[in-house]
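S.K.: First the structure, then my questions, so here it is.
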Amino acid sequence: MSRTAIVTGGAQGIGFACAQKLKADGAQLVLWDMDEEALATAASELGATTVKVDLSDWDAVEKAYEQTRSQAGSPSIVVNSAGIAGPNAPVEDYPVADWNRIMEINANGSFYLLKAVLPGMKADNYGRVVLISSVAGKEGNPNASAYSASKAAVMALAKSAGKECAGFDIAINAITPAAARTRIFDQMSEEHIDYMLSKIPRNRFLEVHEAANMVSFLCSPENSFTTGAVFDLSGGRATY
């Protein structure tokens, strides 16, 4: 049975890899992203419906959800990969505007997405949601306080919403990938990138297909029990 899947940040990076895997699993794809050029390229390659949307804007998310429903049907799979890293700086020097923007997209955007999709999933008594957090949300990377705090919020949101929906056939989980070489590296200093690599016992960065493989299971009907959980993709990096 084909199911409609929303993948945010789906035109690039981990989101695009997840979209590729979900298509191979038989899902009908709807890619949400802010980059129109990347969306057009991804749509051509994957045969996906696309929606340009800013996750930090609740009205825009609500409209994007209604557009998705009208074009592709009610989504039963959601992967939230949209996010930004922001600059690297100590807490006392961190720009307030950058802090707020990171929280708006990473934390508020995850909330807005769940707020939009959960009523339909509850009505259908079915849904699979994966929120992409980060090992930084577990451990707290120095000079990346906003990103770390926002990704900790994403984990807590998945745990809370997963428990709220446990009486339905809805699974809401988070994954905490180590860094992967995607466009998000463009926002980071080389010093910070080297720091992240030094903390990964496998001595390499995550490959995006490795994240997609984990997401594929969490979005499948076979994942009928686990919800409100956080799955590690750290390459052995110590986490609490």
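The values are calculated or read from the model by the stated rules, or taken from the named source; none is laboratory data. This is a predicted model, so every value here is computed, not measured. FYI the Cβ positions are ideal-geometry reconstructions off the backbone, even for glycines, and counts take in every protein chain you see. All accessible areas refer to the heavy atoms of the entire protein, side chains included, with ligands and DNA or RNA removed. Shrake-Rupley method; radii C 1.70, N 1.55, O 1.52, S 1.80 Å.
S.K.: Does the stretch 148-166 contain at least one residue that is open to solvent by less than 10 Å² (accessible area, probe 1.4 Å), assigned to a strand (DSSP E or B), at pLDDT 95 or above and within 22 Å of Glu222 (Cα to Cα)?
M.R.: The answer is no; no qualifying residue exists.
S.K.: If you don't mind, there's one more thing I want to ask. Any residue at all in the stretch 101-108 that is β-branched (Val, Ile, Thr) and touching a Phe, Trp or Tyr at 6+ places or on another chain (Cβ under 9 Å)?
M.R.: Taking every residue of the stretch 101-108 in turn, at least one turns out to be β-branched (Val, Ile, Thr) and touching a Phe, Trp or Tyr at 6+ places or on another chain (Cβ under 9 Å).
S.K.: Would you tally the residues in the stretch 1-16 being among the aliphatic types (A, V, I, L, M) and open to solvent by 10 Å² or more (accessible area, probe 1.4 Å)?
M.R.: Going through the stretch 1-16, the residues among the aliphatic types (A, V, I, L, M) turn out to be 1, 5-7, 11, 14.
Those still in the list that are open to solvent by 10 Å² or more (accessible area, probe 1.4 Å) too: 1, 11, 14.
Residues meeting the conditions: 3.
S.K.: Next question. Restricting to the stretch 109-138, count the residues that are in a helix (DSSP H, G or I) and surrounded by fewer than 19 Cβ atoms within 10 Å (Cβ to Cβ). Break it down stepwise before answering.
M.R.: The initial filter retains those residues of the stretch 109-138 that are in a helix (DSSP H, G or I), namely 109-124, 135-138.
Still in the running and surrounded by fewer than 19 Cβ atoms within 10 Å (Cβ to Cβ): 111, 115, 119-120, 122-124.
Looking only at that region, the number is 7.
S.K.: Ile102: surrounded by 20 or more Cβ atoms within 10 Å (Cβ to Cβ), β-branched (Val, Ile, Thr), in a helix (DSSP H, G or I) and at pLDDT 95 or above, yes or no? Show your work before the answer.
M.R.: Numbers: surrounded by 20 or more Cβ atoms within 10 Å (Cβ to Cβ): yes; β-branched (Val, Ile, Thr): yes; in a helix (DSSP H, G or I): yes; at pLDDT 95 or above: yes.
So Ile102 fits the description; yes.
S.K.: Right, here's the next one. Quick one: Val61 ticks every box in (1) farther than 20 Å from Ala152 by Cβ; (2) open to solvent by 30 Å² or more (accessible area, probe 1.4 Å) except a single one, so which number is it?
M.R.: Evaluating Val61 over (1) farther than 20 Å from Ala152 by Cβ; (2) open to solvent by 30 Å² or more (accessible area, probe 1.4 Å) leaves (2) as the failure.
S.K.: Residue check, Ser56 against (1) in contact (Cβ under 8 Å) with a residue 24 or more places away in the chain; (2) open to solvent by 10 Å² or more (accessible area, probe 1.4 Å); (3) under 20 Å from Ser216 (Cα atoms), all met but one. Which one?
M.R.: It fails just one condition, (3).
S.K.: Under the condition of being of a type in the set (Gly, Ala, Ser) and at pLDDT 95 or above, which residue from the stretch 167-190 is farthest from the chain's Cα centre (by Cα)? Break it down stepwise before answering.
M.R.: Start the filter on the stretch 167-190 by keeping residues that are of a type in the set (Gly, Ala, Ser), which leaves 167, 171, 174, 178-180, 189.
Applying the additional criterion that residues be at pLDDT 95 or above yields 167, 171, 174.
On the way: Gly167: 24, Ala171: 15, Ala174: 8 Å.
Looking at residues that are of a type in the set (Gly, Ala, Ser) and at pLDDT 95 or above, I get Gly167.
S.K.: Being part of a strand (DSSP E or B) and not aromatic (Phe, Trp, Tyr) is the filter; apply it to the stretch 17-46 and report the residue that is surrounded by the fewest Cβ atoms within 10 Å (Cβ to Cβ).
M.R.: Gln28
S.K.: Something else about it: Quick one: Asp93 ticks every box in (1) modelled with pLDDT of 95 or more; (2) closer than 21 Å to Tyr195 by Cα; (3) of a type outside the set (Phe, Trp, Tyr); (4) open to solvent by less than 20 Å² (accessible area, probe 1.4 Å) except a single one, so which number is it?
M.R.: Here Asp93 meets the rest and fails (4).
S.K.: What pairs can you find where one residue is in the stretch 209-222 and of a type in the set (S, T, N, Q), the other is open to solvent by 50 Å² or more (accessible area, probe 1.4 Å), and their Cβ atoms are less than 9 Å apart, with a gap of 6+ or different chains?
M.R.: Close Cβ pairs (under 9 Å, with a partner that is open to solvent by 50 Å² or more (accessible area, probe 1.4 Å)) amount to Asn213/Lys21; Ser216/Lys21; Ser216/Ala24; Ser216/Asp25; Ser220/Asp25.
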